[in-house]
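**Q** Below is the structure I would like to discuss, written out as structure tokens.
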Amino acid sequence: MNTIFLKLTGTNHILGHKLRFPDFPNISEILEVPVLIIGGGIAGLTAGYTLNKRGGKDFFLVELDAETGGNAKSGENKYSKYPLGAHYLPLPNASNVELIDFLFDVGVVIGRDDNGNPIFDEEQLSFAPQERLFIKNYWQEGIVPQYGSSDADQQELTRFLHKMEEFKALKDQNGHYIFNIPMCYSSPEKFDLGLDQITMEEWLRKEGYTSSYLHEYLNYCCRDDYGTGIKYTAAFAVIHYFAARKHDFKKYEDAVLTWQEGNGRLAKLLAESFENQILKQHMVYKITVNESNVEVLLFDAQRKVSKKIIAEKVINCCPQYVNKYLLPQRVKNFQLLQYAPWIVATVVLHKFPFADGANLAWENIIFGAKGLGYVYAQHQSLGQFKSPFVISYYHSLDGTDLNEQRRKLYNQTDEQWKEFIIKDLSIAHFGIEDEIISIEIFRHGHGMVSPIPGYLSSEYRKQLTLPIANKIFFAHSDLSGISIFEEAFYQGREAVYDMLDNWEA
Amino acid sequence: MDKKKNLPIFLLISVFIIATCGLIYELVAGALASYLLGDSVKQFSFIIGTYLFAMGVGSFFAKFIVKNLLDRFIDIELLIGIIGGTSSVILFLLFQQVEHFQLILYLFVFLTGCLSGMEIPLLMNILKDRVNFRDLVSNVFTFDYIGALIASVLFPILLIPKLGVMGTSLFFGIINVTVGIFLSFYLSKQLKNPIILKIKSLVCFIILIGLFFYSNELLKYSENQLYSTNVIYKHSTPYQRIVLTEAKGEYQLFLNNNLQFNTKDEYRYHETLVHPAMSIAKSPKKVLVLGGGDGLAVREILKYSSVEKVVLVDLDEGMTKLFQTNELLRKHNANALNNARVEVINMDAFLWVKEAKDKFDVMIIDFPDPSNYSLGKLYTNNFYKSLYPLMEPQCIVSVQTTSPYFAPKSYWCIYETIASVFPNNLAYHTYVPSFGEWGFNLFSPDMRVNFNRVNQRVPNLKYYNYNLQKMTDFPADMKAVDVEINRLDNQILVRYFDEEWSKI
């Protein structure tokens, strides 16, 4: 019998949950700083990066966890680095100038061609073969299901992808795309089509798409991007996934930017220049706006003491499920703001049991499985593939009641998760259990915001983004409603500009 | 049945079996020696001579055994079974590591011969009082020679094809020990220490049976079939499966079942890979070899006296170790990997290139063909770009680039990929009988380098005559157009390669 080393980890939910029943020691230290950034996810790190680059204002960034990165965290074992969350960044649209500039600054874009288009560093583009899909007991290349499907299925798939191309090109009379990234760059009329009011499943039915292949494929895409499936996700968000990326730089085709540690690399690049201004394991538990400043109370989980930071301005980069405890006066609407729980399991194995079809790729998806497939971290190494292999298995727990799913996430034991993961992987890799050396199960209690119908177009979402008293500025991808790097980057950067532009006011 | 009466018959059957086994061990040793060391006439002759001589020595010493003859006879049976039976396994295992392999081989032959030589005199002494002497001599030798005949006929026709060398020797070891077991049980009452003998013989039996099944693992019958020659060494490293075979006195090295070289004509390949680059460079001092853990390219490089340092980077320590230690293989690479001017680094070439700080006058790139996505990375534009910081301004690089005849798209894809980074490059090819038409590429970062200008020569090459131009003409069946450039994000070369070689 093969003994598998198991480990359950995750974001520090025990510490986080103290916010519900606040009981912290008395303040033993007071600090003053012009700007305080709360939260070390991509939005917060981008805020720090932008502020540092602009200069002139001193700041601290505080983070609850032991590491920054948020949903872009990564890990490392003796064989490889690996993602613990988001693992790639699609090539930005040409209009996303700020992001391209950032990528240039950190060496992901290494130059510009004669047309001024960015030249991406080949070593940071996903290596071939990029994707494969296990379907009908066979690994096919690419993730759009083809192997063993009927002509009717293929026709529907083609019709659907065609429709998405139309959406991709769709503009309002002022020349703004209906679907664009970041969302703020798109047309103000984007919700006029009513796509945010219905679920994707409803939209498919309405448009006459019935192929189970197409439904399963879209359900996969939807869960992969938003945690929730087509039953619960707004049609607008799912179409956005297909139509908002314009693939402006043709020569790169479908390539994306990725690294062994996934978006952990971007998190590191963002944090690099102000590393010593980051306070980790510091949890903010109260924010009070005064006449001339903002008082922030924090708990230092390492030293077990409470501190007070007095800042002129605060950039709040916390997700909104945290902010409801920090700013009790905020409007609440739990129905609209939903976050799906996730697990990312790092599986180390001697080798893959034989399977028919395409070779091991970077993304490996199992059609109709419970999870979302796995990413092979070392694929992005320049070296030769070798044993042991490190793969990251993804699974989002979706359902009608996400709170119940969250309870399930934490109640399951490591043995139960192990069985679940092995059973799911065994669909494509019979006998994989005997090859597994270790499994680390990383739990994200609130993986990402799920754009359920009505949220994106709601007045409520707009309100959440508004600064308080020109002193607290908000930035988080959940405020865009779509949890992707580009949105978090946009949010973090915008908040800094907004704050600096209004500094004197 | 009366055991006393039957004793002579059983012992004579033993003689028959002993004789068969004895000859088998002799043949096994002869076959092993000629596989592993080559020159079968010499090896067989030496082995037979040594074996017969050892039998004489054994016969001489048999007279000093005077007590408990039956016990000793069974002891000797078991010893022969164990030593003869395991000889081939042990020799196979030692072949890769031991420097004085011949010495050990002959030691085994001598020991087996010696023990076999003791058997007949001992047996005759046991039987001399129970059987008429005239019958005894006659019967013993009759059975002895019949056994020899059967062994020598079965060996090449049935045993080697079905069981392989290892299987055969183990199988007969088992038979030898079975005789021991049978006698120790059947003649229990006439033995001095029956219990100890029974235990000994059963232990021997178990060891041999165990090895017999392990030997299947060690040297699969199917693999012998696959290579249709004698597999004399095989070893799985974390990166590849190394198999060395022998046929007609020549050796072939396979990595993951792909032929890397045949000693018969490897000089054609290695001279063509190395000498054009070395002769165009102006008195090269530092040379980099990527891949080529067999040391054959290094052997050619060391022929140039201007060379002060050769750095060889090969992923697989199992490979370079083998070519540094094995006597036979060292003979073929002229001990190149142990040369004081040569530094061997066991690292992934791409990762090494990314970190190295040295600069080189010549680079020789000898990677396996791009048959998978892992190897395909070593043929990308990105890889060739990564070499640039390691180049002296007038550096000359040569690369093995698969067959332009069997895989023209792959060949020209590599050419175009190199040309996209280093426009001053040259395609050339030659004929290597074991491989067929084989292709190479020369390039330099310096646009002014003229590949047809020879700056230095070494004498006594067997094949390359410094007329490179002759190798640069490609007939229509070795051409391909419209090939894409191989990049990390498309790995188009692996697709071409797969498509082209799967047709063959």
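The values are calculated or read from the model by the stated rules, or taken from the named source; none is laboratory data. Model, not experiment: these values are computed from the prediction. Cβ: placed from backbone, ideal geometry, glycine included. Neighbour counts: every protein chain shown. Protein only, heavy atoms only, side chains kept; ligands, DNA and RNA dropped before computing areas. Shrake-Rupley method; radii C 1.70, N 1.55, O 1.52, S 1.80 Å.
**Q** Can you tell me how many residues within region A:242-269 are more than 14 Å from chain B (Cβ to nearest Cβ) and buried (at least 21 other Cβ atoms within 10 Å of the Cβ)?
**A** 9
**Q** A further question on this structure: Take region A:252-282 and flag every residue that is within 20 Å of residue A:58 (Cα to Cα), in a strand (DSSP E or B) and aliphatic (A, V, I, L, M).
**A** Correct list: A:278, A:279.
**Q** Output the residue which, of all residues in region A:167-193 that are open to solvent by less than 30 Å² (accessible area, probe 1.4 Å) and assigned to a loop (DSSP other than H, G, I, E, B), is farthest from residue A:490 (Cα to Cα).
**A** Step by step, filter region A:167-193, then rank; the result is A:172.
**Q** Now, a different point. Given the residues B:41, B:66, which is the only one that is within 30 Å of residue B:126 (Cβ to Cβ), surrounded by fewer than 16 Cβ atoms within 10 Å (Cβ to Cβ), among the aliphatic types (A, V, I, L, M) and free of Cβ contacts under 8 Å to residues at least 40 places away in the same chain? Write out each step before concluding.
**A** Numbers: B:41 fails: within 30 Å of residue B:126 (Cβ to Cβ).
Among B:41, B:66, only B:66 is within 30 Å of residue B:126 (Cβ to Cβ), surrounded by fewer than 16 Cβ atoms within 10 Å (Cβ to Cβ), among the aliphatic types (A, V, I, L, M) and free of Cβ contacts under 8 Å to residues at least 40 places away in the same chain.
**Q** Determine which member of the set A:210, A:228 is of a type in the set (Ser, Thr, Tyr), touching a strand residue (DSSP E or B) at 6+ places or on another chain (Cβ under 8 Å) and either more than 22 Å from residue A:142 (Cβ to Cβ) or surrounded by fewer than 19 Cβ atoms within 10 Å (Cβ to Cβ) (or both).
**A** Values: A:210 fails: touching a strand residue (DSSP E or B) at 6+ places or on another chain (Cβ under 8 Å).
Selected residue: A:228, the only one of A:210, A:228 that is of a type in the set (Ser, Thr, Tyr), touching a strand residue (DSSP E or B) at 6+ places or on another chain (Cβ under 8 Å) and either more than 22 Å from residue A:142 (Cβ to Cβ) or surrounded by fewer than 19 Cβ atoms within 10 Å (Cβ to Cβ) (or both).
**Q** If you don't mind, another one. Looking only at region A:429-450, which residues are in contact with a Phe, Trp or Tyr (Cβ under 6 Å, 6 or more places away or on another chain), at pLDDT 95 or above and crowded, with 21+ Cβ neighbours inside 10 Å?
**A** The one that is in contact with a Phe, Trp or Tyr (Cβ under 6 Å, 6 or more places away or on another chain), at pLDDT 95 or above and crowded, with 21+ Cβ neighbours inside 10 Å: A:441.
**Q** Still on this structure, please answer the following. Which of the residues spanning region B:211-258 are modelled with pLDDT of 70 or more and part of a helix (DSSP H, G or I)? Before the answer, list the steps.
**A** Initially, region B:211-258 is screened for residues modelled with pLDDT of 70 or more, giving B:211-215, B:230-258.
Hits for region B:211-258 are B:211, B:212, B:213, B:214, B:215.
**Q** Could you run through region A:433-469 and say how many residues are free of Cβ contacts under 8 Å to residues at least 60 places away in the same chain and touching a Pro at 6+ places or on another chain (Cβ under 8 Å)?
**A** Narrowing region A:433-469 to residues free of Cβ contacts under 8 Å to residues at least 60 places away in the same chain: A:459, A:462, A:465-467.
Right, trim to touching a Pro at 6+ places or on another chain (Cβ under 8 Å) and you get none.
Within region A:433-469, residues that are free of Cβ contacts under 8 Å to residues at least 60 places away in the same chain and touching a Pro at 6+ places or on another chain (Cβ under 8 Å) number 0.
**Q** Need pairs with beta-carbon distance below 6 Å; first residue surrounded by 16 or more Cβ atoms within 10 Å (Cβ to Cβ) and within region B:187-204, second among the charged types (D, E, K, R); sequence gap 6+ or separate chains.
**A** Correct list of pairs: B:191/B:71.
**Q** State all residues of region B:318-337 that are within 20 Å of residue B:264 (Cα to Cα), open to solvent by 40 Å² or more (accessible area, probe 1.4 Å) and in a helix (DSSP H, G or I); if no residue qualifies, say none.
**A** The answer is B:327, B:330, B:331, B:332.
**Q** Still on this structure, please answer the following. Checking the condition at pLDDT below 95 and buried (at least 19 other Cβ atoms within 10 Å of the Cβ), which residue from B:411, B:373 passes? Spell out the reasoning first.
**A** Values: B:411 fails: at pLDDT below 95.
After applying the criteria, what remains is B:373.
**Q** Shifting gears a bit: Within the set of pairs 6 or more residues apart or between chains, which connect a residue that is part of a loop (DSSP other than H, G, I, E, B) inside region B:259-279 to a residue that is modelled with pLDDT under 95 and of a type in the set (S, T, N, Q) with Cβ atoms less than 9 Å apart?
**A** B:263/B:252; B:264/B:252; B:264/B:434; B:265/B:434
For every residue, the table says whether it meets (1) more than 9 Å from chain A (Cβ to nearest Cβ); (2) within 21 Å of residue A:381 (Cβ to Cβ); (3) over 26 Å from the mean Cα position of the chain (by Cα).
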| site | (1), (2), (3) |
| --- | --- |
| B:345 | yes, yes, no |
| B:354 | no, yes, yes |
| B:370 | yes, yes, no |
| B:383 | no, yes, yes |
| B:390 | yes, yes, yes |
| B:400 | yes, no, no |
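**Q** Okay, next question. Kindly indicate whether any position in region B:404-425 is within 14 Å of chain A (Cβ to nearest Cβ), free of Cβ contacts under 8 Å to residues at least 40 places away in the same chain and of a type in the set (A, V, I, L, M, F, W, C). Talk me through it step by step, then tell me what you get.
**A** Initial filter on region B:404-425 (within 14 Å of chain A (Cβ to nearest Cβ)): B:413, B:417, B:420-421.
Imposing the further condition that a residue be free of Cβ contacts under 8 Å to residues at least 40 places away in the same chain reduces the set to none.
Checked region B:404-425: no residue is within 14 Å of chain A (Cβ to nearest Cβ), free of Cβ contacts under 8 Å to residues at least 40 places away in the same chain and of a type in the set (A, V, I, L, M, F, W, C).
**Q** While we're here: Are any of the residues in region B:266-283 modelled with pLDDT under 90, touching a strand residue (DSSP E or B) at 6+ places or on another chain (Cβ under 9 Å) and charged (D, E, K, R)? It would help to see each step written out before you state the result.
**A** Step one: list which residues in region B:266-283 are modelled with pLDDT under 90, which gives none.
No, region B:266-283 has no match at all.
**Q** Another one. Considering only region A:120-150, state which residues are open to solvent by 50 Å² or more (accessible area, probe 1.4 Å) and either more than 11 Å from chain B (Cβ to nearest Cβ) or among the hydrophobic types (A, V, I, L, M, F, W, C) (or both).
**A** A:131, A:136, A:137, A:138, A:146, A:147, A:150
**Q** Out of A:298, A:326, which single residue is touching a residue at least 60 places away in the same chain (Cβ under 8 Å) and farther than 27 Å from residue A:402 by Cβ? Break it down stepwise before answering.
**A** On the way: A:326 fails: farther than 27 Å from residue A:402 by Cβ.
A:298 is the lone residue from the list that is touching a residue at least 60 places away in the same chain (Cβ under 8 Å) and farther than 27 Å from residue A:402 by Cβ.
**Q** Another question, if that's okay. Looking only at residues that are of a type in the set (Lys, Arg) and within 14 Å of another protein chain (Cβ to nearest Cβ) in region B:457-504, which one is nearest to residue B:301 (Cα to Cα)?
**A** The initial filter retains those residues of region B:457-504 that are of a type in the set (Lys, Arg), namely B:457, B:462, B:470, B:479, B:487, B:495, B:503.
Now drop any that are not within 14 Å of another protein chain (Cβ to nearest Cβ), which leaves B:487, B:495.
On the way: B:487: 31, B:495: 33 Å.
Looking at the filtered set, the residue picked out is B:487.
**Q** Only one residue in A:493, A:406 is among the basic types (Lys, Arg) and at pLDDT 95 or above. Which one? It would help to see each step written out before you state the result.
**A** Working: A:406 fails: at pLDDT 95 or above.
A:493 is the lone residue from the list that is among the basic types (Lys, Arg) and at pLDDT 95 or above.
**Q** Right, residue B:82: assigned by TED's automatic domain parsing to the domain that holds residue B:140, modelled with pLDDT of 90 or more, under 22 Å from residue B:159 (Cα atoms) and open to solvent by 30 Å² or more (accessible area, probe 1.4 Å) or not? Walk me through how you get there before you give the answer.
**A** Details: assigned by TED's automatic domain parsing to the domain that holds residue B:140: yes; modelled with pLDDT of 90 or more: yes; under 22 Å from residue B:159 (Cα atoms): yes; open to solvent by 30 Å² or more (accessible area, probe 1.4 Å): yes.
Criteria met by residue B:82.
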